[in-house]
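Read-outs throughout are calculated quantities, based only on the coordinates presented, and are distinct from any laboratory measurement. Nothing here was measured: the structure is a model prediction, and the numbers come from that model. Cβ placement follows ideal geometry from the backbone for every residue including glycine, while neighbour counts extend to all protein chains displayed.
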């Protein structure tokens with residue numbers, strides 16, 4: 001049986017021997033921008049200076065630590081994706097962004113050896129230009145409440161000793177040695193922890209349903225099938241703190257009496273798959289997972305299943321079918337998975353973020369956990385903040401935080417079409433991914449929680465948040481999301497299979513200039529029918545982007561069908577191409593490349609485009625050297 005206190009003490013003793021700790025972000029986003037090359041360059045530069053260095057990127061052995069000058073690790077996602085690759089230097093609390101291998105020599109000389117700051121690598125406020133030393137000062141971080149993400153980007157995801165040193169697996173030990181299953185279900189019901197995967201169902205109540213089932217075999221399943229465009233919350237936790245997910249699954253297993261679990265993660269997340277597999281193996285090698293857990297006589301083992309990338313497999317019954325080797329298609333409920341789930345046995349399904357918060361609840365206690373958030377939605381929620389916003393990345397805020405706080409404060413403000421910060425350019429936020437809805441300026445101060453969003457036709461969903469400025473066509477946005485959901489429909493039920501196809505065709509008519517006022521009425525009617533009659537939650541929520549944009553941007557739809565004009569000039573078929581007579585130099589180049597002869601004019605005279613002949617191919621726009629055509 002592992003002695004967690006001994007592991008923690010040993011690790012902390014080794015940490016005290018290090019003078020500097022350097023953390024290089026090794027999440028997917030930073031890796032794509034070259035962080036591994038930065039890591040190697042930093043390691044080599046430190047070694048060439050004759051400094052004692054310990055590299056823990058791939059080591060879980062605390063005995064490898066010794067008296068040294070620099071202790072380096074590769075972390076998971078640090079959240080501030082906008083400025084990656086990121087390098088943090090402790091204990092000084094310095095955060096450098098946009099780091100390149102050619103910056104390393106200067107970092108070693110100035111910041112690792114001499115504790116000086118490199119001004120150009122610090123984060124600078126895009127408006128004031130003020131430089132911030134590290135995440136203890138940067139507004140992007142200080143205005144968050146990082147709870148589930150607290151250790152992501154801080155611990156080495158491949159070092160179990162570091163996770164234990166930060167309090168990891170102590171909650172699981174308590175669950176198996178000091179709590180009964182009934183006590184755990186009661187504790188998590190009192191905590192108010194709700195599922196972070198979309199529905200927001202009570203975690204403790206779900207566990208209690210499974211506990212009441214009289215069956216010797218039960219399962220715990222981690223839903224890591226994150227398919228929303230622009231969402232990367234679950235991926236980042238699996239990459240940055242996989243042991244938190246394992247510990248959450250262990251506590252859930254103890255609560256319901258399960259002895260086996262599955263982590264279902266999409267194959268498009270290779271780094272997440274690798275790190276969760278390694279974390280499971282290391283936990284087994286340490287005696288944390290397996291038989292006789294913490295001397296309790298209970299056993300629990302975890303398998304990893306890679307999904308093929310079907311969006312519908314994010315729906316729990318479709319996910320279970322996929323694990324069983326069947327086609328991923330949803331099944332009617334009841335029976336619910338807690339009654340009859342994987343292989344016909346009682347099964348609890350929680351998403352990655354929910355499971356990562358499970359140990360936190362026990363560490364903090366119910367009262368402290370409930371001190372953040374709202375009475376009905378306690379705790380925090382992660383969001384993937386993307387789109388027309390200055391600071392994009394992974395954030396975590398208490399439920400009840402407003403869009404205004406997220407976009408204008410944490411996000412640093414809205415970018416206009418010229419890439420400059422202009423909060424007046426804010427138009428909408430798509431929240432909840434393709435299953436969510438669009439929120440407008442009138443919703444800026446609505447508290448973000450399960451109930452408030454549900455009341456206005458939106459949903460928290462998995463946490464995708466796409467900010468859009470006034471250059472965005474909301475009709476085209478709705479068409480984009482409907483294209484996604486229609487393509488991802490499993491086809492099992494007619495309302496979703498045929499309804500989303502018909503809705504997509506109507507949206508395409510609108511953006512192509514073939515829509516009428518009747519089209520909008522039919523679009524509304526079809527959306528409401530699909531929402532009511534679809535089999536699973538994905539089908540029921542598929543019309544949300546269309547219905548919400550019809551509700552809040554009706555005038556934009558009507559401009560497309562009545563005036564045959566796209567107000568944002570984003571829809572090519574409804575945007576006439578014209579030549580500015582003041583800018584045109586009469587070079588005739590546009591006339592020569594036009595495939596249909598729509599341009600007329602003499603040399604050194606302003607040319608003209610015939611809108612009745614123009615096919616809007618854009619050849620003239622890309623050819624004009626004077627930018628006279630738009």
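For Cα pairs less than 8 Å apart in space and 6+ apart in sequence, what is the mean separation divided by the residue count of region 576-630, i.e. the relative contact order in percent? RCO, region 576-630: 45 percent. Work out the FRET efficiency for residue 471 and residue 285 from their Cβ-Cβ distance, taking R0 = 41 Å, and round it to the nearest 0.05. According to the calculation, E is roughly 0.15. State log₁₀ I(q)/I(0) for region 380-472 at q = 0.20, 0.22 Å⁻¹ as given by the Debye formula over alpha-carbon point scatterers of equal weight, solvent excluded. Rounded to two decimals, the profile gives -0.87, -1.06. Against the chain, whose longest principal axis comes from its Cα atoms, helix 270-285 is set at around 10 degrees.
Could you tell me the center-to-center distance, by alpha carbons, between region 367-408 and region 154-232 in angstrom? Their Cα centres are 21 Å away from one another.
Report the semi-axes of the equivalent ellipsoid for region 153-216 in whole Å, largest first, where each axis is √(5λ) for an eigenvalue λ of the Cα gyration tensor.
26, 17, 11
Ordered by the count of other Cβ atoms within 10 Å of each Cβ, fewest first, 162, 498, 521, 239 give 521, 498, 162, 239. Cβ crowding within 10 Å, taken as a proxy for footprinting-reagent exposure, orders 143, 370 from fewest neighbours to most as 143, 370.
Between the Cα long axis of helix 35-48 and the first principal axis of the chain there is an angle of about 50°, rounded to the nearest 10.
Using Cα-Cα distances under 8 Å and only pairs 6 or more residues apart, what relative contact order does region 345-477 have, in percent?
Details: 233 pairs, mean separation 30.8, N = 133.
Over region 345-477, the number comes to 23 percent.
How high is the relative contact order of the chain, given as a whole-number percent (alpha carbon pairs under 8 Å, six or more residues apart)? RCO, the chain: 11 percent.
If you plug the beta carbon distance of residue 182 and residue 16 into 1/(1 + (r/R0)^6) with R0 = 45 Å, you get a FRET efficiency near 0.60.
Can you pull a Stokes-Einstein diffusion coefficient for region 181-272 at 20 °C (1.002 mPa s), Rh from Kirkwood over Cα pairs, as a whole number of µm²/s?
Using the Kirkwood radius from Cα pairs, D works out to 152 µm²/s.
Angle of helix 352-364 to the longest C-alpha principal axis of the chain, folded into 0 to 90 degrees and rounded to 10: 40°. Put in line by how crowded their Cβ is, counting other Cβ atoms within 10 Å and starting with the fewest, 1, 459 read 1, 459.
How big, in percent, is the set of alpha carbon pairs in region 233-354 lying more than 23 Å apart?
The answer is 31 percent, as a whole percent.
Pairs of Cα atoms in the chain fall into 10 Å distance bins, from 0 up to the last occupied one, in shares of 3, 15, 23, 24, 18, 11, 5, 2, 0, 0 percent.
A simple spin-label model places pseudo-atoms 7 Å from Cα toward Cβ; at residue 114 and residue 213 they are separated by 6.5 nm. Adding -39500 (n - 2.57) for every DSSP H run of four residues or longer, then dividing by how many residues the chain holds, sets the calculated 222 nm ellipticity at -10500 deg cm²/dmol. Computed over region 279-427, the quotient of the alpha carbon radius of gyration and 2.2 N^0.38 Å is 1.42. In the P(r) worked out for region 4-135, what percent of Cα pairs fall beyond 25 Å? Tail fraction, whole percent: 25.
Quick check: Cα centre of region 468-498 to Cα centre of region 66-96, how many Å? If we compute the Cα centre of each part, the gap is 40 Å. Spatially, region 1-52 and region 297-329 are offset by 34 Å when compared through their Cα centroids.
The base-10 log of I(q)/I(0) for region 160-369, evaluated at q = 0.10, 0.13, 0.17, 0.19 Å⁻¹, reads -0.37, -0.64, -1.17, -1.50 [Debye formula, identical scatterers on Cα atoms, solvent excluded].
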